[in-house]
Amino acid sequence: MMTKLTIAERIVLHLSRYGTQCDDGYNIPWDLTQDGIAASLRITRAHSSIELKKLRENGKVDERQGHIKGGKVRRKSYTLTPAGLEEAKHLKEVAKDEGIDIMPMIDMKRCDPDTIWKSVDEEDRDALGLACVLRCPVPRADIPETAKQVIPTDVNGMIILSDQVKKNILSVADDERLRSWNSAAADYWLDRDDVQERLYHLVSAGRIRDACRLVVNEKEKLLYNINDDLFDILAGFEDIPEKYVLDVLPVRITVAIESGDLDASAAMIDALKEMDGELGLLYSADAEMKKGDHTKALSIIRSVGITNRFEVDLRAAGAIGHLGNKKEALDLLNSMKEAVVKTGTVNGLDRIYIQMADVAAVSGDHDSSINYLTKALGVTGDEGKRKIYALLARSYGAAGMADKAKECASKSRDLRP
């Protein structure tokens, strides 16, 4: 009766899934290398090497050099001989007769998470957990070594844990471990200039004060890269410390508005009005402009008397432009531009040019819109270029310049954090 497969039998069954598809020696799957076999079976590379040597000596496995799919160098790979295929067939027949599912024994993706968890040494669990909470591909070399090869990589050394495997493993971890792994992941991104990923892990780790400080310090970078994921991350903030509320809440409102969730933004705007009525009105105007009611937005803006006239006038110019008063809008923006230039800095100049481009585009003047956006590129930081290239792609498209639109869209994607 089959109660447990040996390592050698698991290797034979693993290799049987690939047949003889690699006879040409090109585009060989990573799973047929020693590292790939070790990762699939959750054993060490050394153990994989020992067992493969025995299988070769027994005439069940062939070893050859070949080009691994996605790789630039030749590596050893392994396939079954006719004798190996015959043994695999026999093992499958026995398993079928006894009603045993062999896939979880040879494929990490199919394995019960408790089984994976119990097969990993205690000191290796934190490394595996860290690899599972990280959402972006990272080099295996960045994660602590493990006794068993439970963190699979591709031919370039990048971790390739599937979403399903990650979900399975994380499902058996307690809350304390999950917070610890996310905290380590947040620290991983500290020096790697990915603000959004660091923010995600800080929130997931329950480090809300650190998350708030990050939002305050990197506000412009976050707002130049608004997306649905950022909206979800900010929605996860709970119990924001009082000292950070007036800094964090406007960012959450802006992201909610730009993401199109006006119900969520309305509730937050009401909360903001209770703390700062004038500031709340400003964001209320933003929501009206998102709805397309620029008349109401302009009425609200003109009722705002806060000292930060830059924010008020920038919004006013946008509303005026959308109401068809291009000259009035551009006159106001040019006045703002002159005031900024007199300060000897370029702070806010990119936002003025972007608003000018929007006013021009609304009036159908796409050439001027492109000109303003090009000027914005020259005065913005790295975080602003992605958004501006995306806007340029739209303007070039509207102007019928498809090649330039495609080029700018590509640049915007390449600048993704």
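Things to note:
- Being open to solvent by 20 Å² or more (accessible area, probe 1.4 Å), polar (S, T, N, Q) and within 29 Å of the chain's Cα centre (by Cα) is a condition met by at least one residue of segment 243-255.
- From Ala409, Ala357, residue being crowded, with 17+ Cβ neighbours inside 10 Å, at pLDDT 95 or above and among the hydrophobic types (A, V, I, L, M, F, W, C): Ala357
- Verdict on Asp261 being open to solvent by 40 Å² or more (accessible area, probe 1.4 Å), under 30 Å from Ser299 (Cβ atoms) and either at pLDDT below 95 or touching a His at 6+ places or on another chain (Cβ under 6 Å) (or both): yes
- Any hit, segment 300-314, residues being out of contact with any Lys or Arg (no Cβ under 9 Å at 6 or more places or on another chain), open to solvent by less than 20 Å² (accessible area, probe 1.4 Å), assigned to a helix (DSSP H, G or I) and closer than 17 Å to Ile257 by Cβ: no
- Residue among Asp270, Asp293 that is open to solvent by 50 Å² or more (accessible area, probe 1.4 Å) and under 23 Å from Leu246 (Cβ atoms): Asp270
- Subset of segment 198-239 [part of a helix (DSSP H, G or I), surrounded by fewer than 17 Cβ atoms within 10 Å (Cβ to Cβ) and within 17 Å of the chain's Cα centre (by Cα)]: Asp228, Asp229, Asp232, Ala235
- Where Ile352 falls short, out of the listed (1) crowded, with 21+ Cβ neighbours inside 10 Å; (2) at pLDDT below 95: (2)
- Residues considered: Ile370, Ile388. Of these, the only one that is modelled with pLDDT of 90 or more, aliphatic (A, V, I, L, M), within 23 Å of Lys326 (Cα to Cα) and over 23 Å from the mean Cα position of the chain (by Cα) is Ile370.
- Residues of segment 188-197 satisfying the condition of being surrounded by 20 or more Cβ atoms within 10 Å (Cβ to Cβ) and at positive phi: none
- Unmet criterion (only one of (1) touching a Lys or Arg at 6+ places or on another chain (Cβ under 8 Å); (2) closer than 23 Å to Gly280 by Cα; (3) at pLDDT 95 or above; (4) of a type in the set (A, V, I, L, M, F, W, C)) for Leu234: (3)
- The helices (runs of 4 or more DSSP H) found entirely in segment 47-135 that carry 3 or more residues being at pLDDT 90 or above and closer than 19 Å to Ala173 by Cβ are 122-133.
- Residue count for segment 375-390 satisfying the condition of being open to solvent by less than 40 Å² (accessible area, probe 1.4 Å), touching a residue at least 60 places away in the same chain (Cβ under 8 Å) and part of a helix (DSSP H, G or I): 1.
- Segment 155-171, residues that are loosely packed, with under 15 Cβ neighbours inside 10 Å, touching a residue at least 40 places away in the same chain (Cβ under 8 Å) and touching a helix residue (DSSP H, G or I) at 6+ places or on another chain (Cβ under 8 Å): Ser162, Gln164, Ser171
The values are calculated or read from the model by the stated rules, or taken from the named source; none is laboratory data. Remember, predicted model here, so these are calculated numbers, not experimental data. Quick reminder, even Gly has a Cβ in these numbers, built from the backbone with ideal geometry, and neighbours come from all protein chains shown. These area figures cover heavy atoms from the full protein model, side chains too; ligands, DNA and RNA do not enter into them. Shrake-Rupley method; radii C 1.70, N 1.55, O 1.52, S 1.80 Å.
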